[in-house]
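Step one of this worksheet: look at the structure below.
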Amino acid sequence: MRMESSGSWRLWLQPPDRIRLVVRTLQASGPYVFRYEGGPGQILFSHRGGGPFTVEALTMGSSC
């Protein structure tokens, strides 16, 4: 694995079964990764920070 950035980053490698499974609700702050295994649904979130945010969906077929 190789990562390059002009800013500061943290990287955690975790197997999928160690990532928190969300069944119905989740409350968190700061950088966060969660796992959802349900069918189609909606994600509602709020962003109170001054910086950018990203929402990404990764599937078993995703490649980086």
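The values are calculated or read from the model by the stated rules, or taken from the named source; none is laboratory data. The shown structure was predicted, so the numbers you read here are calculated from the model rather than taken from an experiment. Cβ coordinates were reconstructed from backbone atoms using ideal geometry, including for glycine residues, and neighbour counts include every protein chain displayed. In case anyone asks, the SASA skips ligands and DNA or RNA and just uses the protein heavy atoms, side chains included. Shrake-Rupley method; radii C 1.70, N 1.55, O 1.52, S 1.80 Å.
Data overview
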quantity: Cα-centre dipole for the chain with unit charges at Cβ (Lys and Arg positive, Asp and Glu negative), debye to 20; calculated: 180 debye
quantity: All-pairs alpha carbon distance profile, the chain, 5 Å steps from 0, percent; calculated: 3, 9, 23, 26, 20, 13, 6, 0
quantity: Karplus-derived 3J(HN,Hα), 6.51/-1.76/1.60, for each residue of segment 8-21, Hz, glycine and proline x; calculated: 8, 9, 10, 9, 10, 9, 9, x, x, 6, 9, 8, 4, 8
quantity: Percent accessible area from carbon and sulfur atoms, the chain, protein chains only, probe 1.4 Å; calculated: 53 percent
